[in-house]
Amino acid sequence: MSLENPLWGAPRIHGELLKLGYQVAETSVTKYMIKPAKPPSQTWKTFLENHANCLVAMDFFTVPTLFFKVFHVLILLDHERRRIIHFNITTNPTTAWVAQQIRNAFPWDSAPRYLIHDRDPVFHGRCQEILKAMGIKEVKIAPASPWQNAYCERVIGSIRRECLDHVIVMNEEHLRRTLTSYLTYYHGTRTHLGLAKDCPESRTVQPMEIGDVIAIPHLGGLHHHTCGKLLDPTPVSTCQRAHSKGEVPIPLVRFRKIWAVAVRWNLNFVSDFRGNQSQCPEKS
């Protein structure tokens, strides 16, 4: 008891022993208690878990497209369930745009107590005014220290490794559909080590009597959701409808030829343009 509960003293442990039926003196408990090597306090992990419900982190990451355009994606992540509360895409992130995204992410009285972010200039100015008006205390990480926003960096890495590294983005609408489809899988199907192998939107444990196990494709078959055959077929039909409407991204292998053609076309265009310039007569 003294090892598992460093905040407990001899009276508390003595009371627990009495409730368990052990008739011992409190002085004996004091004598045989294991003295902690460190001052009695909670661990850093316990501290974070106790405050996870009031912590939200936000960060940007970039996504290049097939035609060499770069999109900036803003995500806001809830620490308690690793749930992505809000995301949006822009080509020109500004302070006013970020402030509007924060308003959209936390309507009414749903604002968290703390918001963790880095020292990007777009998080200053108007953004700080909105946070103060909403009663949110901003927590800035140290310069060049992304590990201090570890949950957000981890989820960005997951999005890249499990989705964007396998897809060549065509345009903003394609990227938005891709991320929306991945977040559906991320929230409702993908298990997390930090959530005791559960999902952000908790999945129920299926009994073995549910029938044969089937796989429901997500992201065009890049990932699958396994479930019993006797379950409600609504997720299957939903996925099939989304696939038929083109709401899932196309795997990387289908874009390799398109990518090669686009690069070749751009190189030919540049070389022809330079050749035409060299042939133009100089003005006297």
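Please treat every number below as a calculation from the coordinates, not as lab data. Just so it is clear, the structure is predicted and the values come from calculations on it, not from any experiment. Note that each Cβ is placed from the backbone with ideal geometry, even for glycine, and that neighbours are counted across all protein chains shown.
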Could you give the length gained on full extension between Gln206 and Ala133, defined as 0.36 nm per residue of separation minus the Cα-Cα distance, in nm? 21.8 nm
Check the straight Cα-Cα distances from Lys229 and name the aspartates and glutamates below 12 Å, setting aside those fewer than 8 residues away within the same chain. Glu209, Asp212
Karplus (6.51, -1.76, 1.60) ³J(HN,Hα), θ = phi - 60°, over segment 141-151, in Hz, Gly and Pro reported as x: 7, 5, x, 6, 10, x, 5, 6, 10, 5, 4
Computed over segment 58-162: relative contact order in percent, which uses C-alpha pairs under 8 Å that are six or more apart: 23 percent
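Would you mind putting 26-32, 146-152 in packing order, based on average other-beta-carbon counts within 10 Å, highest first? The partial results should precede the final answer.
Details: 26-32: 13.0, 146-152: 16.0.
My ranking of the peptides, most packed first, is 146-152, 26-32.
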Sequence neighbours fewer than 8 away in the same chain don't count; with that in mind, list the aspartates and glutamates whose C-alpha is under 18 Å from Lys140. Asp59, Asp78, Asp118, Asp120, Glu129, Glu153
Which residues qualify? For His86, with a placed amide H closer than 5 Å and at least 5 residues away or on another chain, they are Leu76
Could you calculate the FRET efficiency of Gln23 with Leu195 from 1/(1 + (r/R0)^6), where r is the beta carbon distance between them and R0 is 41 Å, rounded to 0.05? 0.45
What is the set of long-range amide H partners of His225 at a cut-off below 5 Å, with H atoms built 1.01 Å from backbone N? Ile216, His218
Given Lys45/Lys137; Lys35/Lys197; Lys45/Lys132; Lys19/Lys197; Lys35/Lys137, which pairs have Cα atoms separated by over 31 Å? Lys35/Lys197; Lys19/Lys197; Lys35/Lys137
